[in-house]
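Scroll down for the structure; my scribbles are underneath it.
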Amino acid sequence: MTDGIRIGRSAPWSYVALAMGAASASFWLSIFLAPLFLVPIQLAYGRLGRRGGWLAIAVSILILVPGTIWRVLAAGGTIGFLDVVAGVAFPMAAIAAMAILNASFLGRVGPGYRILALGLAVGALAAPAVAALLSDAEVKAAITQSVAHIVQQFVGNFAAAPGVTAKGPAAGGYDMAAALASLDPAGMVDMTLKVFASSYAALICLLFGGSWWIGNRIAGEGSPGRRAAAPLSELRAPEILVWPFLGALGLLLIVLYVKAGSLAQAAAWNLVLAMSLVYAAQGMGIVSHVLRRLHVPGGFRIAFAVGVFVSAIGSPIGAVLLAILPLLGVTELWIPYRNPKGVGA
């Protein structure tokens with residue numbers, strides 16, 4: 001990454017940076033697009049250099065704070081200073097992390113190391129807040145009530161749908177309505193919170209890494225960002241990371257064997273999942289490389305990658321595929337999937 005500005009004459013760099021900052025804040029405030037709110041920031045860095053990134057960050061922060069206040073007040077609520085701090089704490093920390101990720105003093109440190117270190121650091125700093133939130137009975141009760149309301153609405157809409165009888169679809173005999181009605185909202189919330197506690201730091205690493213890669217790849221040909229981020233089919237993890245990965249996996253096995261407390265188990269799971277993301281990206285790179293060798297168009301390769309992650313949410317097959325990717329990535333240290341002549345040939 002450089003401090004230079006790279007942009008066409010027809011679009012002054014400052015205007016583009018202002019637009020990227022506004023887009024970042026808008027994505028976060030929209031909630032639906034919140035997972036993408038760091039991409040415009042990184043796009044500004046990747047396309048315009050550090051000065052463009054700094055300007056985009058400043059604009060995003062200037063919009064985030066009043067936007068958070070307005071969103072709460074528009075919903076009919078009241079807000080105080082601590083509420084504002086709580087509402088902007090994570091996006092501000094994430095934006096600061098992206099600034100550090102692109103800082104010149106870390107230029108000699110590989111992006112994989114920077115992303116992992118920053119993601120785990122933010123996860124560690126957020127651990128007390130996450131623990132307090134998940135142990136708050138009022139928060140849990142409010143979430144359970146919301147989930148119960150959604151389930152109740154879904155069951156009611158399903159039962160009232162055309163062609164559905166008390167025994168499910170008219171052509172069959174499976175009592176789908178009864179099965180949906182038997183769902184336990186409290187149990188669903190408990191499971192979701194446990195999964196979140198065990199993976200939130202890994203999700204932060206995924207947010208940082210995905211935003212950095214996407215923002216740089218869409219920065220355009222010849223940009224500093226495009227040169228810094230390798231194509232999906234060429235992604236490889238530094239070989240030395242296999243030792244921290246195996247160490248984290250061993251630590252998890254020990255924690256599970258001795259039946260350590262829930263906090264220790266959550267920390268171990270977060271560490272393993274964060275390290276697994278590196279090799280999942282490499283595994284996806286292997287798949288993309290094979291598809292590229294088979295002359296599959298780029299759009300289909302991207303659709304395949306997105307499909308694997310999306311299907312993992314709703315099907316056991318997708319979950320199995322997602323679990324295989326880190327294994328595929330880490331075994332490339334010994335099996336030259338992308339180099340049939342041998343490792344290092």
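Coordinate-derived values only; no laboratory data. The structure presented is a predicted model; accordingly, all values stated were derived computationally and were not measured. Cβ atoms come from the backbone with ideal geometry, glycine included; neighbour counts cover every protein chain shown.
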- Query: With each label point set 7 Å from Cα along the Cα-Cβ vector, what nm distance links residue 295 and residue 26?
  - Reply: 4.1
- Please arrange 300, 245, 208 by counting, for each residue, the other beta carbons lying within 10 Å of its beta carbon, fewest first. 300, 245, 208
- Item | Where a label projected 7 Å from the Cα of residue 333 along Cα→Cβ would reach, residues of segment 218-251 with amide N under 15 Å | 236-251
- Pull out the extension gain between residue 121 and residue 323, defined as 0.36 nm times the separation in residues minus the alpha carbon to alpha carbon distance; nm, one decimal. 70.2 nm
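Rank the residues 337, 15 as a footprinting-exposure proxy: fewest other Cβ atoms within 10 Å of their Cβ go first.
Ranking 337, 15 by Cβ neighbours within 10 Å, fewest first, gives 15, 337.
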- Query: What list of ³J(HN,Hα) values in whole Hz, one per residue of segment 34-46 in order, does the Karplus curve 6.51 cos²θ - 1.76 cosθ + 1.60 (θ = phi - 60°) give from phi, with Gly and Pro shown as x?
  - Reply: 4, x, 9, 5, 8, 4, x, 4, 5, 4, 5, 5, x
- Item | Estimated FRET transfer efficiency (residue 86, residue 249; beta-carbon r; R0 35 Å; 0.05) | 0.50
- Label-to-label distance, nm, for residues given as residue 304 and residue 148 (7 Å Cα→Cβ offset): 4.7
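Using Cβ counts within 10 Å as a stand-in for footprinting exposure, how do 191, 275, 92 rank, fewest first?
The fewest-first ordering by Cβ neighbours comes to 191, 92, 275.
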- Using the Karplus curve 6.51 cos²θ - 1.76 cosθ + 1.60 with θ = phi - 60°, work out ³J(HN,Hα) for each residue of segment 216-233 in order, rounded to whole Hz, and write x for Gly and Pro. 6, 5, 8, 6, x, 4, x, 7, x, x, 4, 6, 7, 9, 6, x, 4, 5
